[in-house]
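Participant: Structure below; questions to follow.
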Amino acid sequence: MAETPRRAAGRRLQLPLLCLLLQGATAILFAVFVRYNRETDAALWHWGNHSNADNEFYFRYPSFQDVHAMIFVGFGFLMAFLQRYGFSSVGFTFLLAAFALQWSTLVQGFFYSFHGGHIYVGMESMINADFCAGAVLISFGAILGKTGPAQLLLMALLEVVLFGLNEFVLLSLLGVKDAGGSMTIHTFGAYFGLVLSWVLYKPQLEKSKHHQGSVYHSDLFAMIGTIFLWIFWPSFNSAPTTLGNGQHRTVLNTYYSLTASTLSTFALSALVGQDGRLDMVHVQNAALAGGVVVGTSAEMMLTPFGALAAGFLAGTVSTLGYKFFTPILESKIKVQDTCGVHNLHGMPGVLGALLGVLVAGLATHEAYGDGLESVFPLIAEGQRSAMSQAIHQLFGLFVTLIFASVGGCLGGLLLKLPFLDSPPDSQCYEDQIYWEVPGEHEDLAQGPLRAEEPDTQA
Amino acid sequence: MAETPRRAAGRRLQLPLLCLLLQGATAILFAVFVRYNRETDAALWHWGNHSNADNEFYFRYPSFQDVHAMIFVGFGFLMAFLQRYGFSSVGFTFLLAAFALQWSTLVQGFFYSFHGGHIYVGMESMINADFCAGAVLISFGAILGKTGPAQLLLMALLEVVLFGLNEFVLLSLLGVKDAGGSMTIHTFGAYFGLVLSWVLYKPQLEKSKHHQGSVYHSDLFAMIGTIFLWIFWPSFNSAPTTLGNGQHRTVLNTYYSLTASTLSTFALSALVGQDGRLDMVHVQNAALAGGVVVGTSAEMMLTPFGALAAGFLAGTVSTLGYKFFTPILESKIKVQDTCGVHNLHGMPGVLGALLGVLVAGLATHEAYGDGLESVFPLIAEGQRSAMSQAIHQLFGLFVTLIFASVGGCLGGLLLKLPFLDSPPDSQCYEDQIYWEVPGEHEDLAQGPLRAEEPDTQA
Amino acid sequence: MAETPRRAAGRRLQLPLLCLLLQGATAILFAVFVRYNRETDAALWHWGNHSNADNEFYFRYPSFQDVHAMIFVGFGFLMAFLQRYGFSSVGFTFLLAAFALQWSTLVQGFFYSFHGGHIYVGMESMINADFCAGAVLISFGAILGKTGPAQLLLMALLEVVLFGLNEFVLLSLLGVKDAGGSMTIHTFGAYFGLVLSWVLYKPQLEKSKHHQGSVYHSDLFAMIGTIFLWIFWPSFNSAPTTLGNGQHRTVLNTYYSLTASTLSTFALSALVGQDGRLDMVHVQNAALAGGVVVGTSAEMMLTPFGALAAGFLAGTVSTLGYKFFTPILESKIKVQDTCGVHNLHGMPGVLGALLGVLVAGLATHEAYGDGLESVFPLIAEGQRSAMSQAIHQLFGLFVTLIFASVGGCLGGLLLKLPFLDSPPDSQCYEDQIYWEVPGEHEDLAQGPLRAEEPDTQA
């Protein structure tokens, strides 16, 4: 480690100072602005006359907990596939998401629940904060292994603001529907991260190539992430939808879409693999594309067949993307995409947005009945035709791509600030720069069982 | 790998074609038959006058999610105990269960919710589909490591149909109670798999013996599966029971039964172990037998003591089975049972069915009060005596054993089709045939930390 | 292994006999005393006129399942950080907690739900039993690696009784509020374990030092525990609180407190680490202190800012404790604290109790409105002033410390009984004494891929 003492001292202070500064700032803003909402406040809740069973808590908390598990277990372990970057994958996910939850509570609070000088928080704001953390972690996936924790916190600081702004434009100004975030979370997070990775392009990254792969057990740790994301994705897409049939239908559509993306991923992975062998990268990632692709349309009357078809398409596109497009992305377009977020979140997110355009455009009063009010309120109230809603959905995708691209550029410039703790090209994908790392194999290999063979090599 | 190019080409196409064919077929059947039910359809839900809080979703979804975690996390990782078969254990579980969810939606739909030419789906059909996937994975456990993915998909294709048929005979025709599936899931899945394994008997399997054990970390991965199965088993048994006291009591009984099977497993494992040492195989598996053994009776008035006694017995029988019976099963009866499903699902399933016979036979109007209607509707309505219900339960076990045995034979013949991708006896329990497998140890072992020690051995 | 045959034979019998004895005793006590309560009994539930949707099950079961996951997955894997003690960490957690659930059902039942000669059980008793198991596992953390399973069962036998007694004194006699157990669970469990560890002081423990650290993958297994504890902690603190706003607010406060302890842990860990490197021990443990510190006050009107401040403080104190205090605790006070429970549960628990004193003392009718009745019933009914409640809270902490210390002494004396299976000082933190342990690396390392390189070293 040919590191100067000054560099080490700088690193020693950079992360702690930034953590303390950000935590101090959010704490002050919390003190000034954040208050319990009607559902969480002891006094407010008892005004009026409602049963405890009516508290939003009982309708959303189980879904929220599943989302929470996806953010911290799912994303964290999914990214732990790298052989020597598990501490950072799980640990920085933990740090980034914890900060993003606080910061997005404030940012989204200003946009959505700012009344009389205060932001009111409860279950819905917690779900939205976790969603925003999801977008930040998607971007993290694109630059995984190539940035330090202080850089990542700065990225989150910027991205949370732009995420909130983009979401506000889509949901509140344009009246776009996007419950599971095909646009606001997946498309935004992916292209923000990809553009940022493009700005941070590391020409000498092949010096770290020997650490860029997985080992046997790191692939199994990653499968923990995959499986938790897969099983809980129905909760993700349905967490913010309208109660009753809305949540129920969203869950059902997502469930079937994921089964289809799993089947198409296995099919395509074996088809394009060497000697028909399956590739863990595909199974870990592309099998999840079925959750992304119905993010916009799962709450709509997509039909169970529609869910299967969408999932099948997403798994196919995603697997082919890993095999054929990611190498081109790096060599020709100079975008180094560590986790392949373009394949898992980018393309399926855009497809999901387009699927939303289609399904919204096909909405009829017959198909939705009195449920139209909750899925497409503007159509139900006669303010928009289905075609107009479809066009607004399409425009929402366009806006998201703009916000993500401009944001990724800004983020890249921010992270290139010279004093930041960026790892050198030859030490990427490597925990040791940021973590105390124990040996890989336990002493036991030369321990008790072999205690009677003293230094046979010597 | 002395493999001919033709064999490799065949393998390359077998799995993809089968996945695409099956997915195409289920997609078409979904398009023709599957529709949202009243609880998931936007229009249907708003007919009549019910509160969103009444939607089945809020009563079953948390339990469903626990079941979903058991199927994909629990079974997947439990089977990852083999040192070099973790990718296949987790990956094929993923593939098989994803297909089984679609296929059993159709099969069970034709049996239970086929009205006016359509199958109606919602939370209950999702729970039932996951249950059916559970039975398929139990059978997978018996033949783990000895079959290829295309074979497994064909097994699922057959088993899902027979599972649905057997369950329909028991629950609908015979009026048998079996909420947690001691018979329909565990007994059926185990004996189907065991008979299938008997048909597929591999006489040269000792050539793969060096891969049949675990390594230290693979045993810890397996414990992830065990613990998730253990904690969520109360949700499994209670997911389809009647609301209110029914779900609540089922959870309670299962919870206590599992604590007792855990204690008896540790007791027996140490008692029969070499030098009193505990065996991970017992802890990973037999400790779960308490969940299996109350699958039929947990919704009944088993009493908390009854739950403890049942769990204790199941843990004991299961542990002794691993120690003494599994070797005999292989050497004398020529059934190679990789995961010991006979000990975890077979014997405890049969015991659970018999316990159901006993507890049903003891049912009285006094003990169940007005709750008799929901637990034993035929007794409550005077159509059956408790004794008659008990006899029906016993007959249900008999029917299940017939269906499982005949099904396992058929399955075995199907999987012996010569063109299928069966691994040779010397390469069982080995990921490398089906997966791209990275190296076991990271380059770091000879990496940065030791970079300055060039080839000291040389 | 210089073990006499007699010692091995003793070990072979000790654990099985104790398991069977304890299981037999609890089973008999269950038969005599334990009955379904109104919510779980088929007959009782149908007396009166209530909807199935009113069953306690639907309000508490999702939270219970999260708590259950924390106990078995969270604690089990968190303690699996040791390189060669993963089987014992996960396995003994499993055994101890399973026994504690049964035993505390009886002990707590006698204190809280003993009517007409029977103990009535349901969701609340299950949550309380899991909480008690949590306290036992905290104590286990202090002596991890230094005791055998029979010793641990005896510890649980004693600790469960004292836990129940202490909790009864606090909650029922003193009217103390402590929903998430800063005092009753964390402070009690930590100091019970620490005093016990002090009594069991092992002067020659440095002989086992080479096994006391982690390896790369054992640290990742431990992170599974950490993350599951972290995400589900809001459910832990809220599981027993009053319905409606009570559970909702408790969740919200715990959620924010944990984000702040995570940020302060990363800040402090990097600040005090060598070259600014982060330490996995801190991230695995201190990041959770935010959950402990609001255990008493999270159900109160702590305010979101208060939650952040509390979490920040707890993460800071805990990280500094690991860095600076644990070594002193061992060298000067002769307390060997394997998992650092003093830093994660002891100090944050005491801080949490004091925070509860403060927040209770600040309670006003204005802030709580009609919700005062459910949070501080004695204040609402005019039996106590806020100041008096605060003093009672403080006295509760004092009582807890007394119970824990005296209990830990008694426990230590009990575990020192000479015939018990204590590991020798030189074989601590070592699975092999109690488990059949497979090799660490799979045969594959010298297997197929390298089959053609015979013994190149020789």
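The values are calculated or read from the model by the stated rules, or taken from the named source; none is laboratory data. As the structure is a prediction and not an experimental result, all values here were calculated from the model. For neighbour counting, all protein chains shown are included, and Cβ atoms are generated from backbone atoms with ideal geometry for every residue, glycine included. These accessible areas exclude ligands, DNA and RNA; they are computed on the full protein's heavy atoms, side chains included. Shrake-Rupley method; radii C 1.70, N 1.55, O 1.52, S 1.80 Å.
Participant: Based on the Cβ-Cβ distance of A:Lys334 and A:Phe395, what FRET efficiency does E = 1/(1 + (r/R0)^6) give at R0 = 35 Å, to the nearest 0.05? If you can, show how the numbers build up before the last one.
Facilitator: Numbers: r = 29 Å, r/R0 = 0.84.
Rounded to the nearest 0.05, the efficiency is 0.75.
Participant: How many percent of the alpha carbon pairs in region B:161-209 exceed a separation of 18 Å?
Facilitator: In whole percent, the long-distance tail amounts to 44.
Participant: Still on this structure: For the protein assembly as shown, how big is the tail of P(r) above 56 Å, as a whole percent of Cα pairs?
Facilitator: Values: 122208 of 943251 pairs.
Every Cα pair in the protein assembly as shown considered, those over 56 Å come to 13 percent.
Participant: Measuring label to label, 7 Å along Cα→Cβ, what does A:Ala53 give against each other copy in nm, shortest first?
Facilitator: Inter-copy label distances (nm, one decimal, shortest first): 0.6, 0.6.
Participant: Going by average Cβ neighbours within 10 Å, how do the peptides C:60-66, B:250-256 rank, with the highest at the top?
Facilitator: Details: C:60-66: 25.0, B:250-256: 30.1.
Peptide ranking by packing, descending: B:250-256, C:60-66.
Participant: Loop sites only, by DSSP: take the GluC sites (Glu not before Pro) in chain A that have at most 15 other C-beta atoms within 10 Å and name the longest stretch containing none of them. Please report the intermediate quantities before stating the final value.
Facilitator: On the way: sites that count: A:Glu3, A:Glu381, A:Glu452.
Here the longest run is A:4-380.
Participant: Still on this model: Which net charge results when you count Lys and Arg as +1 and Asp and Glu as -1 among the other residues whose beta-carbon is under 12 Å from that of B:Pro240?
Facilitator: On the way: positive: B:Arg60, B:Lys177; negative: B:Glu56, B:Glu124, B:Asp130, B:Glu167, B:Asp178, B:Glu299.
After counting each charged neighbour, the total is -4.
Participant: Using the Cβ atoms and a cut-off under 14 Å, what net charge is assigned to the surroundings of A:Leu154, where Lys and Arg are +1 and Asp and Glu are -1?
Facilitator: Working: positive: A:Lys416; negative: A:Glu159, A:Asp421.
Every neighbour counted, the sum reads -1.
Participant: Then there is this: Looking at region A:105-161, I'd like the Rg to Rh ratio, where Rg is from alpha-carbon atoms and Rh is Kirkwood's inverse mean 1/r. Intermediate results must be reported in sequence, preceding the final value.
Facilitator: Working: Rg = 13.4 Å, Rh = 12.4 Å.
So for region A:105-161, dividing Rg by the Kirkwood Rh gives 1.08.
Participant: I would also like to ask the following. Using the heavy atoms of the protein chains and a 1.4 angstrom probe, tell me the accessible area per residue for region A:40-189 in square angstrom. Numbers along the way, then the final one.
Facilitator: On the way: 2850 Å² over 150 residues.
I get 19 Å² per residue for this part.
Participant: Another question, if that's okay. When the accessible area of each residue in region B:237-252 is compared between its chain alone and the complete protein assembly (1.4 Å probe; ligands, DNA and RNA ignored), which residues differ by at least 10 Å², being lower in the assembly?
Facilitator: Flagged in region B:237-252: B:Leu243, B:Gly244, B:Asn245, B:Gln247, B:His248, B:Arg249, B:Val251, B:Leu252.
Participant: So what's the gap between the Cα centers of region A:104-154 and region A:393-432, to the nearest angstrom?
Facilitator: 16 Å
Participant: Return the average number of partner chain Cβ atoms within 10 angstrom of each residue Cβ along peptide A:366-373. Present the calculation step by step, with values, prior to reporting the outcome.
Facilitator: Working: counts 1, 3, 4, 7, 5, 6, 3, 2.
Across A:366-373, the average partner-chain Cβ count within 10 Å equals 4.
Participant: Just counting partner chain Cβ atoms within 10 Å, what average do the residues of peptide A:90-98 show around their Cβ?
Facilitator: Working: counts 8, 11, 2, 1, 10, 9, 1, 2, 13.
Mean partner-chain Cβ count within 10 Å for A:90-98: 6.
Participant: Between the label point of B:Asp275 and that of the same position in each other copy, find the distances and list them shortest first in nm, with every label point placed 7 Å from Cα along the Cα-to-C-beta direction.
Facilitator: The projected label point of B:Asp275 is separated from its counterparts by 4.0, 4.0 nm.
Participant: More than 34 angstrom separation, counting every C-alpha pair in chain A; what % is that? List each step's numbers first, then the result.
Facilitator: Numbers: 35834 of 104653 pairs.
Distances greater than 34 Å cover 34 percent of the Cα pairs.
Participant: Binning at 10 angstrom from zero up to the longest distance, how are the C-alpha pair distances of region A:236-296 distributed in percent?
Facilitator: That works out to 24, 40, 22, 11, 3, in percent per bin.
Participant: Next question, about the same structure. At the nearest 100 Å², what buried accessible area, both sides summed, do you get for A and C when the probe is 1.4 Å? Working shown, then result.
Facilitator: On the way: alone 20670 and 20630 Å², together 34420 Å².
The contact between C and A buries close to 6900 Å².
Participant: With no solvent and one equal point scatterer placed on each C-alpha of region B:27-176, evaluate the Debye formula and give log10 I(q)/I(0) for q = 0.10, 0.11 Å⁻¹, two decimals.
Facilitator: -0.40, -0.48
Participant: Further question on the same structure: Averaged over A:273-285, how many beta carbons belonging to a partner chain fall within 10 Å of each residue's beta carbon?
Facilitator: Working: counts 6, 3, 11, 13, 11, 11, 2, 8, 1, 1, 6, 1, 0.
Neighbouring Cβ atoms belonging to other protein chains average 6 per residue here.
Participant: If the viscosity is 1.306 mPa s and the temperature 10 °C, what translational diffusion coefficient in µm²/s does Stokes-Einstein give for region C:207-248 when Rh comes from Kirkwood over Cα pairs?
Facilitator: Details: Rh = 12.9 Å.
D, rounded to a whole number, is 123 µm²/s.
Participant: What percentage of the solvent-accessible surface of chain B, computed with a 1.4 Å probe over protein heavy atoms, is contributed by carbon and sulfur atoms? Display every interim value, and only then the final one.
Facilitator: Numbers: 9010 of 13800 Å².
C and S fraction of accessible area: 65 percent.
Participant: What residue of chain C has the nearest C-beta to the axis that moves C onto B, and what is that distance in Å, given as a whole number?
Facilitator: Nearest to the symmetry axis by Cβ: C:Pro62, 3.
Participant: For a protection proxy built on the mean count of beta-carbon atoms within 10 angstrom, sort A:349-358, B:332-341, A:177-186 highest first, please.
Facilitator: On the way: A:349-358: 25.4, B:332-341: 20.9, A:177-186: 29.2.
Listed from highest to lowest mean packing, they are A:177-186, A:349-358, B:332-341.
Participant: Would you kindly work out, in nm and rounded to one decimal, the distances from the label point of B:Thr364 to those of the same position in each other copy, ordered shortest first, with label points 7 Å along Cα-to-Cβ?
Facilitator: Values, ascending and in nm: 6.1, 6.1.
Participant: Considering only DSSP beta bridges where both residues belong to the protein assembly as shown, give the percentage that are antiparallel (nearest 5).
Facilitator: Working: 6 of 18 bridges.
Around 35 percent of the beta bridges assigned by DSSP in the protein assembly as shown are antiparallel ones.
Participant: Along the three principal axes, how long is region B:260-411 when you take its alpha carbons, biggest first, rounded to the nearest angstrom?
Facilitator: If we take the Cα atoms of region B:260-411, the spans are 55, 39, 17 Å.
Participant: With a point put 7 Å past each Cα toward its Cβ, work out how far C:His210 is from B:His365 in nm, to one decimal.
Facilitator: Between C:His210 and B:His365, the label points sit 7.5 nm apart.
Participant: Now a separate question. Going down the table (A:Lys334/A:Lys416; C:Lys177/C:Lys323; A:Lys209/A:Lys332), which pairs top 21 Å between alpha carbons? Could the numbers behind the result be given before it?
Facilitator: Details: A:Lys334/A:Lys416 16 Å; C:Lys177/C:Lys323 32 Å; A:Lys209/A:Lys332 18 Å.
In this structure, C:Lys177/C:Lys323 lie more than 21 Å apart at Cα.
Participant: Within 14 Å, Cβ to Cβ, of C:Met79, how many net charges do the neighbouring residues add up to if Lys/Arg are +1 and Asp/Glu are -1? Before the final figure, lay out each step's value.
Facilitator: Working: positive: C:Arg84, C:Lys146; negative: C:Asp219, C:Asp337, C:Asp431.
After counting each charged neighbour, the total is -1.
Participant: How many times 2.2 N^0.38 Å is the alpha carbon radius of gyration of region B:104-245? The partial results should precede the final answer.
Facilitator: Values: Rg = 17.4 Å, N = 142, 2.2 N^0.38 = 14.5 Å.
Against the compact-globule rule of thumb, the ratio is 1.20.
Participant: Which value in deg cm²/dmol, rounded to the nearest 500, describes the helix-derived mean residue ellipticity at 222 nm for the protein assembly as shown, given -39,500 (n - 2.57) per DSSP H run of n ≥ 4 and division by the residue count? Walk me through the intermediate numbers first.
Facilitator: Details: 54 runs with 799 residues, N = 1374.
That comes out to -19000 deg cm²/dmol.
Participant: For the pair B:Phe114 and A:Phe324, what calculated FRET efficiency results from E = 1/(1 + (r/R0)^6), where r is the Cβ-Cβ distance and R0 = 56 Å, to the nearest 0.05?
Facilitator: On the way: r = 43 Å, r/R0 = 0.76.
Rounded to the nearest 0.05, the efficiency is 0.85.
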